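As structure tokens, the structure follows; a few thoughts come after it.
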Amino acid sequence: MHRRQLLLGAALIPGLMVTGSPLTSWLVEDADAQDAAGQGGDGAAFDSQIVRRMARDLAAKPFKAGDQALPPELDKLSYDDYRNIRFNADRSLWRGQGLPFEVQLLHRGFLFRDRVDISVVAEGKTQKLVYQPELFRFEHGLARPDPKLDIGFSGFRLHGPINRPDYFDEIAVFQGASYFRAVAKGQVYGASARGLSVKTGDPGGEEFPVFRAFWIERPRPDVNSIVLHALLDSPSAAAVYRFTIRPGDSTVMTVEMTVFPRSDVDQAGLASLTSMFMFGPNDRDGIDDFRPAVGDSQGLAIINGNGERVWRPLTNPSRLQLSSFVDTNIRGFGLMQRQRSFFDYQDLEARYEKRPSIWVEPIGDWGEGAVHLVEIPTKEEVHDNIVAFWRPKEPLRKGGEYNYTCRLHWTWDTPDRDPIGRFAATRVGGNSGKRLFVLDIDGEPVKDVALDGLEARVSASGGAISNIVLQPNPDIGGLRLSFAFEPKGADVAELRANVVRGEQRLSETWIYRWTP
């Protein structure tokens, strides 16, 4: 499947997730639940090592594509048809049992053809969920599949009382290849993450690993977290995952993964994040739109191994752009949404100001590698055109086992709230053959700061910088840095800026790629 097709589906389906039927519940459990939920047979013993062995065994065998076959009535569903298949919320897993989470299953069809096996783990035993048409409502005359067919599921949604104690809102969804999304309290879906990406941005085409199976542990009634296990497969590798999900003001996922390469993988993407940026105050070329900005994320933030904080505003380029930020033992990176006012976007439907930032916090030593940023041209906001991920310097070798742990923060801001000044806005406009850059810097270290001893350092890899001005911005309680950039025939230029007092950094390092 072409990347744009898959991401188009992922971009559209959140409308179904957010505006679909109110939550209710369907599962059962133990003896009574097995019949109602379609769980069959005696439970087999389960522990995380079982899934690990499955991944290792898969990687030792030739890749076999998963089941995408569907009965005729589901084989060619349109987007609207697919929206007419709605989970019967009264059958939600664990409904009415006093637990902090419920699960709803997602049907196969439209772009989501891969069969995903889903099992529930309770008291060390596992029960596979068996498909039944009665778990879903087929609306507007859509044909119901033959009840004798076990067509499986395409994924699931996780619900819990994240916004108020008496209502189970949607918290996370796992559906489509290895994509998953989550929200924090008060947010709506936006950027997504992936279990693994391979060959992203490669001219020969990208490989999309797929989650083949999930095991969902029954949560404890007194603990606000839930544990999922997942098995991933692709032509290049198999992998095993353990997700511990804690929703709240920030929803935090602890992700433990082991990758088992089938072949040498020199273009692996770990902690891959996918988002959308169409236009903003820094990039409105050819835009005729009433809104000031459209995007799930505004920029890539990085804390490198030396503790330097980097901010790279996103662009919607005229041609594919690939950027890399080489580092050792990176401390964190993420696709961030910093402007949080409705007036920044003026969109009552999309509510871009409520989209989550995603921050990746590596746990342990991730060694040498680079954060890669892929920016893909787009003319429509339904296309996810931004990808960021960590790529190890050395290839993942065939027959090896590679362990990584990180925390994914689905959040309003970086976990430490940035202890130095940060670039809150980047604005760009024309000025007699030059480009005028206007950067606002906010944060406690620059709040109402005196200009004595402050220096704005601005440089460019091509062209010329002039008219550097640093002044107070009383409306944000911070600083405004402006300068002119003259291309002088350059095809591309890397611009850098920061604010210092002597050798003390008072701001992030702002990095911008200019192209004609």
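Quick check: is even one residue across the stretch 440-449 assigned by TED's automatic domain parsing to the domain that holds residue 295, of a type in the set (A, V, I, L, M) and either in a strand (DSSP E or B) or touching a strand residue (DSSP E or B) at 6+ places or on another chain (Cβ under 7 Å) (or both)? There is no residue in the stretch 440-449 that is assigned by TED's automatic domain parsing to the domain that holds residue 295, of a type in the set (A, V, I, L, M) and either in a strand (DSSP E or B) or touching a strand residue (DSSP E or B) at 6+ places or on another chain (Cβ under 7 Å) (or both). Screening the candidates 240, 326 for the property of being over 30 Å from residue 49 (Cα atoms) and at pLDDT 95 or above yields one hit, 326.
So, in the stretch 228-271, exactly how many residues are in a strand (DSSP E or B) and either surrounded by fewer than 17 Cβ atoms within 10 Å (Cβ to Cβ) or not assigned by TED's automatic domain parsing to the domain that holds residue 175 (or both)?
Number satisfying all stated conditions: 3.
Of all residues in the stretch 75-91, which are under 24 Å from the mean Cα position of the chain (by Cα), of a type in the set (Ser, Thr, Tyr) and surrounded by fewer than 20 Cβ atoms within 10 Å (Cβ to Cβ)? The answer is 79, and nothing else.
Listed conditions (1) hydrophobic (A, V, I, L, M, F, W, C); (2) surrounded by 15 or more Cβ atoms within 10 Å (Cβ to Cβ); (3) modelled with pLDDT under 90 are all met by residue 55, apart from (3).
Within 25 Å of residue 122 (Cα to Cα) and in contact with an Asp or Glu (Cβ under 7 Å, 6 or more places away or on another chain) - does that describe any residue in the stretch 185-199? Scanning the stretch 185-199, I find no residue that is within 25 Å of residue 122 (Cα to Cα) and in contact with an Asp or Glu (Cβ under 7 Å, 6 or more places away or on another chain), so the answer is no.
Being part of a strand (DSSP E or B), more than 24 Å from residue 411 (Cβ to Cβ) and among the hydroxyl-bearing types (Ser, Thr, Tyr) is the requirement here; does residue 318 meet it? No: the conditions fail for residue 318.
Within the bounds of the stretch 427-438, is there any residue that is in a loop (DSSP other than H, G, I, E, B), within 18 Å of residue 509 (Cα to Cα), touching a strand residue (DSSP E or B) at 6+ places or on another chain (Cβ under 9 Å) and touching a residue at least 12 places away in the same chain (Cβ under 8 Å)? So far as the stretch 427-438 goes, no, none of its residues is in a loop (DSSP other than H, G, I, E, B), within 18 Å of residue 509 (Cα to Cα), touching a strand residue (DSSP E or B) at 6+ places or on another chain (Cβ under 9 Å) and touching a residue at least 12 places away in the same chain (Cβ under 8 Å). If the condition is being modelled with pLDDT under 95 and under 17 Å from the mean Cα position of the chain (by Cα), then the stretch 395-435 contributes 413, 414, 415. Within the option set 497, 490, being in a loop (DSSP other than H, G, I, E, B), under 28 Å from residue 371 (Cβ atoms) and among the hydrophobic types (A, V, I, L, M, F, W, C) holds for one residue only, 490. Selection of the stretch 308-331 for residues being surrounded by fewer than 21 Cβ atoms within 10 Å (Cβ to Cβ) and either within 19 Å of the chain's Cα centre (by Cα) or of a type in the set (Phe, Trp, Tyr) (or both) yields 322, 323, 324, 325, 331. From the list 121, 188, 130, the one residue that fits, being of a type in the set (A, V, I, L, M) and either free of Cβ contacts under 8 Å to residues at least 12 places away in the same chain or in contact with a strand residue (DSSP E or B) (Cβ under 9 Å, 6 or more places away or on another chain) (or both), is 121. Counting the residues of the stretch 507-516 that are in contact with a Gly (Cβ under 9 Å, 6 or more places away or on another chain) and modelled with pLDDT of 95 or more gives 2. Tell me, yes or no, whether the stretch 204-216 has at least one residue that is over 19 Å from the mean Cα position of the chain (by Cα), assigned by TED's automatic domain parsing to the domain that holds residue 256 and assigned to a loop (DSSP other than H, G, I, E, B). Scanning the stretch 204-216, I find at least one residue that is over 19 Å from the mean Cα position of the chain (by Cα), assigned by TED's automatic domain parsing to the domain that holds residue 256 and assigned to a loop (DSSP other than H, G, I, E, B), so the answer is yes.
Taken together, 325, 342 contain a single residue that is aromatic (Phe, Trp, Tyr), farther than 22 Å from residue 253 by Cα and free of Cβ contacts under 8 Å to residues at least 24 places away in the same chain, which is 342.
The values are calculated or read from the model by the stated rules, or taken from the named source; none is laboratory data. Note that the structure is a prediction, hence the values are computed from the model and not measured. Don't worry about glycine lacking a Cβ; one is built from the backbone with ideal geometry, like all the others, and counts go over all protein chains shown.
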